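What follows is one structure encoded as structure tokens, with my remarks underneath.
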Amino acid sequence: MSSVVSSGVSPGVSPGVHVRQFGGGSAEGRASDKALLGGKGANLAEMAALGLPVPPGFTITTEVCRHVQAHGAGRYPDGLDAEVRAALARVEQLTGARFGDAAEPLLVSVRSGARASMPGMMDTILNLGLNDEIVAGLAARTGNERFALDAYRRFIMIYAGVVLDVARDRFEEALVVARRKTAGALGIDHTRLNNNELERKVPDSMFDPEALRGLIKNEKEIVLAATGKPFPDDPWEQLKGAIQAVFGSWNNHRARVYRKMHDIPESWGTACNIQAMVFGN
């Protein structure tokens, strides 16, 4: 596993206090803890403490965000890595799934959550924990290959944009190629359609497993060309990057503008919520 904590951490921060768990009928926090857990984390803790069926997870507190602001990106308090590992192990226990395991895959969402609501201003990543082997396990477990492949291709695109800084429009041509191939397979004449018309005729829901596998391949090639590195297939490396991106998003341009418009102090910071993904209707 790639460590969440960088080699240049700052000493003097007590371990064991930076992650608060929720789920399984209990929570290390309540709704009144917004300053520490952010609004989303505090509400999740309150619902879990009340016994509501909240998918289990944990919140990395706003104190960690403030620590990163003070000491630099990737510089976390001592002990954070061990806390994240322990908290994720509890999620595994509660869900009966395992992070990074193809047979019983646990996927997570990684979301920001400030004390005051800042809708759409910071970053969210869904379906984290997928790679080629695990997506096959997810397909087998759910009995739905198309669903698993679609989750994977969406994860690659979101993660590439949020964490790897690959512009979303670089993936648009790959989507167009997939739509044209799908249109051809369905007997739809796409030669006279512009891209918007093509999307209406061939929405994402019409991609079959073969089209999705081709799209995943193209997306990975885009990431390699843009970054010079393969898309990360180690779930722990994915999680490390997502946590860093969420804390970094506190200072992105749109978040700074929003805070200024709504008089939200920069010093508040954001929490980071990691929660088990739950699929189905």
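The values are calculated or read from the model by the stated rules, or taken from the named source; none is laboratory data. Keep in mind it's a predicted model, so treat the numbers as computed, not measured. FYI the Cβ positions are ideal-geometry reconstructions off the backbone, even for glycines, and counts take in every protein chain you see. Accessible surface is based on the protein model in full, side chains and every heavy atom, while ligands, DNA and RNA are left aside. Shrake-Rupley method; radii C 1.70, N 1.55, O 1.52, S 1.80 Å.
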_Residue that is most open to solvent (accessible area, probe 1.4 Å) [pool: residues in segment 191-201 that are modelled with pLDDT of 90 or more and of a type outside the set (S, T, N, Q)]_ = ARG200
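For segment 173-185: of the residues being touching a residue at least 12 places away in the same chain (Cβ under 8 Å) and of a type in the set (D, E, K, R), which is most open to solvent (accessible area, probe 1.4 Å)?
LYS181
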_Tally of residues being in contact with a strand residue (DSSP E or B) (Cβ under 7 Å, 6 or more places away or on another chain), aromatic (Phe, Trp, Tyr) and assigned to a loop (DSSP other than H, G, I, E, B) across segment 49-90_ = 0
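Looking at segment 77-91, which of the residues that are touching a Pro at 6+ places or on another chain (Cβ under 9 Å) and within 13 Å of GLY57 (Cβ to Cβ) is most open to solvent (accessible area, probe 1.4 Å)?
Here is the first cut: in segment 77-91, the residues touching a Pro at 6+ places or on another chain (Cβ under 9 Å) are 77-80, 82-83, 90-91.
Filter again for within 13 Å of GLY57 (Cβ to Cβ), leaving 90-91.
Values: ARG90: 59, VAL91: 5 Å².
For segment 77-91, the residue satisfying everything is ARG90.
Using the structure shown, decide if GLY29 is more than 22 Å from GLY248 (Cβ to Cβ), outside any helix (DSSP H, G or I) and touching a Lys or Arg at 6+ places or on another chain (Cβ under 7 Å). Steps first, answer last, please.
Numbers: more than 22 Å from GLY248 (Cβ to Cβ): yes; outside any helix (DSSP H, G or I): yes; touching a Lys or Arg at 6+ places or on another chain (Cβ under 7 Å): yes.
So GLY29 passes the test.
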*Report, by residue number, each residue of segment 251-281 that is at negative phi and touching a helix residue (DSSP H, G or I) at 6+ places or on another chain (Cβ under 6 Å).*
THR270, ALA271, CYS272, ASN273, ALA276
*Sort out which residues of segment 69-123 are in contact with a helix residue (DSSP H, G or I) (Cβ under 8 Å, 6 or more places away or on another chain), among the basic types (Lys, Arg) and touching a residue at least 12 places away in the same chain (Cβ under 8 Å), and write them in order of number.*
ARG75, ARG111, ARG115
*Looking at (1) at pLDDT below 95; (2) not in a loop (DSSP other than H, G, I, E, B), which is the one condition that is false for GLN93?*
(1)
*Of these, ASP208, ASP204, ASP169, which one is under 29 Å from ARG254 (Cβ atoms), touching a residue at least 12 places away in the same chain (Cβ under 8 Å) and among the acidic types (Asp, Glu)?*
ASP204
*segment 1-45, subset closer than 17 Å to VAL110 by Cβ and among the β-branched types (Val, Ile, Thr), residue modelled with the lowest pLDDT*: VAL5
_Cβ contacts < 6 Å: first residue touching a residue at least 12 places away in the same chain (Cβ under 8 Å) and under 30 Å from GLY96 (Cβ atoms), restricted to segment 261-278; second residue assigned to a loop (DSSP other than H, G, I, E, B) and of a type in the set (Ser, Thr, Tyr), any location; separation 6+ or different chain. Result?_
ALA271/THR61
*Inside segment 243-257, can you point out the residues that are outside any loop (DSSP other than H, G, I, E, B) and out of contact with any strand residue (DSSP E or B) (no Cβ under 8 Å at 6 or more places or on another chain)?*
GLN244, GLY248, HIS253, ARG254, ALA255, ARG256, VAL257
